[in-house]
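To start, the structure under review is shown below, and the notes come after it.
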Amino acid sequence: MTEHIHPIFDRLLQRSDRERRLGQRSKVLWLTGLSGSGKSTIAQHLERYLYNNGFFAQVLDGDNIRSGINNNLSFSLEDRQENIRRIAEIARLYLDSGIITLNSFISPTVEIRDMARQIIGHEDFLEIYINAPLEVCESRDVKGLYEKARAGQIKGFTGIDAPYEPPPHPALEIKTDKQSLEESVEAVFQFLKPHIELPKA
């Protein structure tokens, strides 16, 4: 019966088909920075801002990733790498579906972020450095994580007893100790807009 089965890949919907339907170009924003720098807050507000301006985006962050697909991973360096690998693969699926993905993860090393860039593709990976001094991040410590790390209750906490490597050449840097949330979201939106707008016919 297999003689009637033929490859149909060339007739499958392509990313460009989905982008035209959604009226946007898909991209992956990778927001990196210390815990408390403002990554998730910016991503969540940017998602709504994009929606209100006719774009369709999805936020991926620790709340919806580590509670589900990655709930079997620890915070060891090896599991952090696997965490980011899985996230990058998910983001690539969204990318191929025409959806703008807003990824908010500490992803503390250049090597880990380069792995994500390789999976997603250099031309579609936009690295955004959400930069705030450690003391500012600690002052925003709503979950008490820095306090627990300082007390030795959490081991391997980025910025305390585990290193964070800032991006040497981010596509955009947002300094949240000097910009309001509204200014930060607007700055990311204005940066992103030319990347996601479809060329006018």
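Cα-Cα pairs above 21 Å in the chain: how many percent? Spell out each step's value before the answer.
Working: 10962 of 20100 pairs.
Every Cα pair in the chain considered, those over 21 Å come to 55 percent.
Lysines near Lys193 by alpha-carbon distance under 18 Å, same-chain residues fewer than 8 away left out - which ones?
Lys27
Farthest toward the dipole's positive end in the chain, which of Gly159, Leu12, Ser35, given Cβ charges of +1 (Lys, Arg) and -1 (Asp, Glu) about the Cα centre?
Leu12
If the cut-off is a Cα-Cα distance under 18 Å, which lysines reach Lys178, setting aside same-chain residues fewer than 8 apart in sequence?
List returned: Lys39.
Compute the long axis of helix 110-120 from its Cα atoms, compare it with the longest principal axis of the Cα atoms of the chain, and write down the angle in degrees, 0 to 90, nearest 10.
Helix 110-120 sits roughly 20 degrees off the main axis of the chain.
Could you put His195, His169, His45 in order of accessible surface area, largest first, with the 1.4 Å probe and the full protein assembly present?
Largest accessible area first, the residues go His169, His45, His195.
For the chain, give me the percentage of DSSP beta bridges that are antiparallel, rounded to the nearest 5 percent.
Values: 0 of 19 bridges.
Counting only bridges with both partners in the chain, antiparallel ones make up about 0 percent.
So what is Rg over Rh here for the range 78-119, counting just Cα atoms and using Kirkwood for Rh?
Numbers: Rg = 10.1 Å, Rh = 10.5 Å.
My calculation of the ratio gives 0.96.
What is the packing order of peptides 84-92, 120-128, 27-35, taking the mean over residues of other C-beta atoms within 10 Å and listing the highest first?
Listed from highest to lowest mean packing, they are 27-35, 84-92, 120-128.
Given Leu77, Leu22, Ser97, which one lies farthest toward the positive end of the charge dipole of the chain, if we put +1 on the Cβ of every Lys and Arg and -1 on the Cβ of every Asp and Glu?
Leu22
Given 10 °C and 1.306 mPa s, how large is the Stokes-Einstein diffusion coefficient of the range 68-161 in µm²/s, with Rh as the Kirkwood radius over Cα pairs?
Stokes-Einstein gives a translational diffusion coefficient of 107 µm²/s.
Assuming R0 = 30 Å, what is the FRET efficiency of Gln153 and Met115, from their Cβ-Cβ distance, to the nearest 0.05?
Rounded to the nearest 0.05, the efficiency is 0.50.
Using a 1.4 angstrom probe on heavy atoms only, work out the carbon and sulfur share of the accessible area of the chain in %.
Whole-percent figure for carbon plus sulfur exposure: 53.
Can you tell me the length gained on complete extension of the stretch Glu89 to Glu183, counting 0.36 nm per residue apart and subtracting the Cα distance?
30.8 nm
Grab the other residues whose beta carbon is less than 13 angstrom from that of Leu22, score K and R as +1, D and E as -1, and report the net.
+2
Per residue, how large is the accessible surface of the chain? Use a 1.4 angstrom probe and give square angstrom.
56
The values are calculated or read from the model by the stated rules, or taken from the named source; none is laboratory data. Computed from a predicted structure; not experimentally measured. Heads up, the Cβs are rebuilt from the backbone with ideal geometry, glycines too, and the neighbour counts pull from every protein chain shown. Heavy atoms of the whole protein, side chains included, go into the accessibility calculation; ligands, DNA and RNA do not. Shrake-Rupley method; radii C 1.70, N 1.55, O 1.52, S 1.80 Å.
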